[in-house]
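Novice: Structure below; questions to follow.
Every number here is computed from the coordinates shown, using simple stated rules; none is lab data. Quick caveat, the model's predicted, so the values are computed rather than measured. Ideal geometry is used to build each Cβ from the backbone, glycine not excepted, and the neighbour counts take in all protein chains shown.
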């Protein structure tokens, strides 16, 4: 992988000639990065949305504590508590019907 980030990122859907199955291809100007099954693509999409939401929350906590008179360690402690709480929720089983 190069040190320079890709300027363009492409997401394309294909149906493979070899097995007539749908796939998602991720590529940049240097070529294809990955070819994913539908399940893999959907899981990655969900993971991106979850991480975007969680990272926004972490940034909000840091921004709030930066503007307040709380000690710097308080923001780190609160973020750790939130991350531990999220990890506990992530471990909950989902009952499938």
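Novice: Name the one entry in 61, 44 that is under 18 Å from the mean Cα position of the chain (by Cα) and surrounded by 13 or more Cβ atoms within 10 Å (Cβ to Cβ).
Specialist: Within the list 61, 44, the selection yields 44.
Novice: Okay, next question. Could you say which residue among 67, 54 is at negative phi and under 19 Å from the mean Cα position of the chain (by Cα)?
Specialist: 54
Novice: When you scan segment 44-55, do you find a residue that is over 30 Å from residue 14 (Cβ atoms) and out of contact with any strand residue (DSSP E or B) (no Cβ under 8 Å at 6 or more places or on another chain), even just one?
Specialist: Yes, segment 44-55 contains at least one residue that is over 30 Å from residue 14 (Cβ atoms) and out of contact with any strand residue (DSSP E or B) (no Cβ under 8 Å at 6 or more places or on another chain).
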